[in-house]
Amino acid sequence: MERDFWLSRWKNQQIGFHEGVPNIFFTEHFSKLSVPPGGRIFVPFCGKSQDIIWLCNHGFSVAGIELSRLAIEQFFSESGLVPEITAAGPLERFEAGRITLFAGDLFDLTADILQHVDAVYDRAALVALPGSMRQDYARHVITLTAGAPEFLITLDYDQSAVTGPPFAVPEAELRSYYGASFNLDCIGSRDIPGGMKGRCPAREYAWLLSRLR
Ligand SMILES: C[S@@+](CC[C@H](N)C(=O)[O-])C[C@H]1O[C@@H](n2cnc3c(N)ncnc32)[C@H](O)[C@@H]1O
């Protein structure tokens, strides 16, 4: 999607994707990724997700990136945290305790700026992008994180019935993006209550991506 699409969503607070509580799928299954205690988790397209707080409460550090500065400001103010804000190349870095959030475009983030991460958590990031951008997104995240394991949530539904975002990403498509680098293991799925925007059934899938040896 265009940058302006997301910036205007945040400006107008049209953020139906924001759950407001930690994602149940994520909290149930994240331990299966076996991230070392105290590990650093990269959260692309982090919005103001409460999953960041959940990760910190479970001893992890978080590095997120989010296009909307407003989303990041809201994240810190709603969490009662006061970040230190510094420049990081073309991005801004907001830091408080174990949380570092970069404001700006994921495609401007470099491995040098991000620094080492132990795992990636992708909820509503890959599926937020149209098909034309997903391969580039997947490649960029793999490069940035040196192929760190990923916990990734996808959706599947009849794309001809509803236009995204969020977009349907069927298994074969997911494998086309990640299969050359990772083993993909589907560890759970569930129907989305009310389907996709009430227009067709939809199902959510949780995937563990572990590096091919
Ligand atoms: C569907 S929301 C998901 C937010 C969050 N992951 C969650 O679960 O609530 C997608 C987010 O990606 C952000 N975004 C879109 N394109 C981006 C880009 N190129 N770089 C960084 N963030 C981006 C949007 O501003 C939006 O907040």
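The values are calculated or read from the model by the stated rules, or taken from the named source; none is laboratory data. Please read these numbers as outputs of a predicted model, since none were measured by experiment. Don't worry about glycine lacking a Cβ; one is built from the backbone with ideal geometry, like all the others, and counts go over all protein chains shown.
In table form, for the structure just shown:
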quantity	calculated
Cβ-Cβ under 7 Å pairs, at least 6 apart or on other chains, the range 1-24 side among the aliphatic types (A, V, I, L, M), far side near the ligand (Cβ under 8 Å from one of its atoms) and not in a loop (DSSP other than H, G, I, E, B)	M1/A128; I15/R9
Of all residues making up the range 89-109, the number that are touching a strand residue (DSSP E or B) at 6+ places or on another chain (Cβ under 6 Å), assigned to a strand (DSSP E or B) and without any contact (Cβ under 8 Å) to a residue 40 or more places away in the chain	8
Number of positions in the range 153-171 that are away from the ligand (no atom under 16 Å from the Cβ), of a type outside the set (D, E) and either over 21 Å from V120 (Cβ atoms) or modelled with pLDDT under 95 (or both)	3
Given (1) more than 9 Å from the ligand (Cβ to nearest atom); (2) buried (at least 16 other Cβ atoms within 10 Å of the Cβ); (3) of a type in the set (A, V, I, L, M); (4) not in a strand (DSSP E or B), index of the condition A71 fails	(1)
Enumeration of residues in the range 154-188 that are within 19 Å of the chain's Cα centre (by Cα), surrounded by fewer than 22 Cβ atoms within 10 Å (Cβ to Cβ) and among the β-branched types (V, I, T)	I187
When residues of the range 104-134 are limited to those that are within 19 Å of P22 (Cα to Cα) and within 7 Å of the ligand (Cβ to nearest atom), the one surrounded by the fewest Cβ atoms within 10 Å (Cβ to Cβ)	A124
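Rundown of residues vs (1) hydrophobic (A, V, I, L, M, F, W, C); (2) more than 24 Å from R9 (Cβ to Cβ), yes/no style:
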position	(1), (2)
F60	yes, yes
E66	no, no
R69	no, no
V82	yes, yes
I85	yes, no
P90	no, no
R93	no, no
A111	yes, yes
